[in-house]
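What follows is a single structure, written as structure tokens, with notes after it.
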Amino acid sequence: MTAATDTARLAASTAGLTGAPTVADVAAARDRALRGGDPTRWPNKLPVRERLAVLFDPGTFVEDGVLASAADDALPADGVITGVGRVEGRPVAVIAHDFTVKAGSWGELTCEKQIRILERADRDLLPVVYLVDSAGGRLTDQMGFFPGRRGASAIFHLQVRLSGRVPQICCLHGPSAAGGAYMPAFCDWVGMVAGNASMYLASPRVAEKVTGERTTLEEMGGAMMHATVSGCGDEVFDTDWEAIAAARLLLSYLPDDFRSAPARSEPAEPERVLGDVVPLDPNSAYDVRDVIEGVVDAGSFFEIKARWAQEIVVGLARLDGQVVGLIANQPSVRSGAIFVDSADKAARFISLCDAFSIPMVFLQDVPGFMVGVDVERQGIIRHGAKLIAAMSSADVPKYTVVLRKAYAAGYYAMCAPGFEPRATIALPTATIGPMSAEASVNAVYANKIAAIADEDERAAYVEERTAEQRADINLLRMGSDLVVDTVVEPAALRAELIARMVDADRWTRSTGRRHHLISPV
């Protein structure tokens, strides 16, 4: 920054003051900054400093730049609060937009404050929490926030630099508009407040002028849309404090930075005994969350993107006190087949786990990738390759559990033995093959089956060939040929996983393995 710029800033900051500022002037300016604007117009929103009080341990927050734009009564703290506080004793940096000050919009000093705290997080490897509530760039200060080296682009550059090095968690309490929508997009998790939160590159009014479409803000960029359709939101909450409480909880599953592992906690027995949850019939539906609850510590499953691409379930949990990542096919939704969105969802979650040294457990019950004209045109091969690449390149310990069916390329994508999981464990209900026995018979013997006129003879032929196919891929053979390492009863699965993870306690990253970012969905 040049001396001329410093002089100009000093002149602007003291404009309107008569003579040198007194101690009383400084105290008054500080009081104005701490008060912020008038929040009474938004009775269903927590004022920004109350949000900070929910986020941080009492009395731990240390604020930076409180006197930004001190001479302008309309810009207390220039509309953003930055600093460092503690969450369960751990230092965490924060960016919190003040919606009562010019709708939380970004000017030159708003950007400068955000850049400075992100630079500090980069230097000191601090997790960052973003409490976003901003109308976007302040057009009355467009030369300040938009084109320069210390403008909004530097914020996004720093977010990408931090990605995968420290956790970045966003609570979206209001709008995140225009280019500012990318602030949540570069975060590892986004919790949105229903009715208030929105993300959009252009408002409905602008969209109508450009495309002729008429829509509402909720339809185009609301919390539920992003959590269910676009995948940009991870969860929807009714209130500000619930979103922040979830962010605090999520931090407990993540390490301070990529060099360390998540902290262990006291083990807890599962909520249920894992009995006959998985049906023998491969076409019967069940909720894979019942399996998860029978394996992990009670109450520890933190699901991510639960409302989006529900044919796959991902989330963090604790297994005997150790944080693990779970990637599970969901047979109760679309039979657990992998679609374009579910491939992206799993790939991003795998990237998160790998960045922060979290072992992964894959729970397979997958008929394969979805097929058909629509998914091919959507790029299912490209998106599937993204999932397989993320899974294959992950350096953390991986464990595969075949719950029931494991067919086609879905078996590969869910960490087949060729991708070097530490172990492939099967339940007695497991079947592994390029496709089901019935589908294989229909594919191989279609012409022969069609040529048999007698219905009973045809059925007997199909049943005979199907039995042959089942015998070829039976579970005993899979163990005999070392495809699976062990077959366990459901009730023994938790203990088996715990024992195998203890064996990997000495794991460290491969020599020369570089940090990688967590790629946006």
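The values are calculated or read from the model by the stated rules, or taken from the named source; none is laboratory data. This is a predicted model, so every value here is computed, not measured. Quick reminder, even Gly has a Cβ in these numbers, built from the backbone with ideal geometry, and neighbours come from all protein chains shown. Quick note on the areas: whole protein, heavy atoms, side chains included, nothing else; ligands and nucleic acids left out. Shrake-Rupley method; radii C 1.70, N 1.55, O 1.52, S 1.80 Å.
Answer yes or no as to whether GLY151 is open to solvent by less than 10 Å² (accessible area, probe 1.4 Å), farther than 18 Å from ALA247 by Cβ and in contact (Cβ under 8 Å) with a residue 24 or more places away in the chain. When the stated conditions are applied, GLY151 passes them. Criterion applied to PRO520, PRO490 was being at negative phi and in contact with a Phe, Trp or Tyr (Cβ under 9 Å, 6 or more places away or on another chain), and the one residue passing it is PRO520. Checked against (1) outside any helix (DSSP H, G or I); (2) of a type outside the set (Val, Ile, Thr); (3) over 22 Å from VAL278 (Cβ atoms), ASP365 meets all criteria but (3).
Against the list (1) open to solvent by 50 Å² or more (accessible area, probe 1.4 Å); (2) assigned to a helix (DSSP H, G or I); (3) farther than 30 Å from GLY294 by Cβ, the condition GLY418 fails is (3). Looking only at residues in region 392-414 that are in contact (Cβ under 8 Å) with a residue 60 or more places away in the chain, under 24 Å from HIS516 (Cα atoms) and hydrophobic (A, V, I, L, M, F, W, C), which one is surrounded by the fewest Cβ atoms within 10 Å (Cβ to Cβ)? Here the residue is VAL396.
Inside region 116-140, residues that are under 15 Å from VAL80 (Cα atoms) and either surrounded by 21 or more Cβ atoms within 10 Å (Cβ to Cβ) or more than 26 Å from the chain's Cα centre (by Cα) (or both) make up a count of 13. Based on what the data block shows, is SER163 polar (S, T, N, Q) and at pLDDT below 95? In short, no.
How about region 473-511: which of its residues are over 16 Å from LEU403 (Cα atoms), open to solvent by less than 80 Å² (accessible area, probe 1.4 Å), outside any loop (DSSP other than H, G, I, E, B) and of a type outside the set (A, V, I, L, M)? Across region 473-511, the qualifying residue is only ARG500. Residues in region 331-357 that are over 14 Å from the mean Cα position of the chain (by Cα) and within 28 Å of PHE186 (Cβ to Cβ): ILE338, PHE339, VAL340, SER357.
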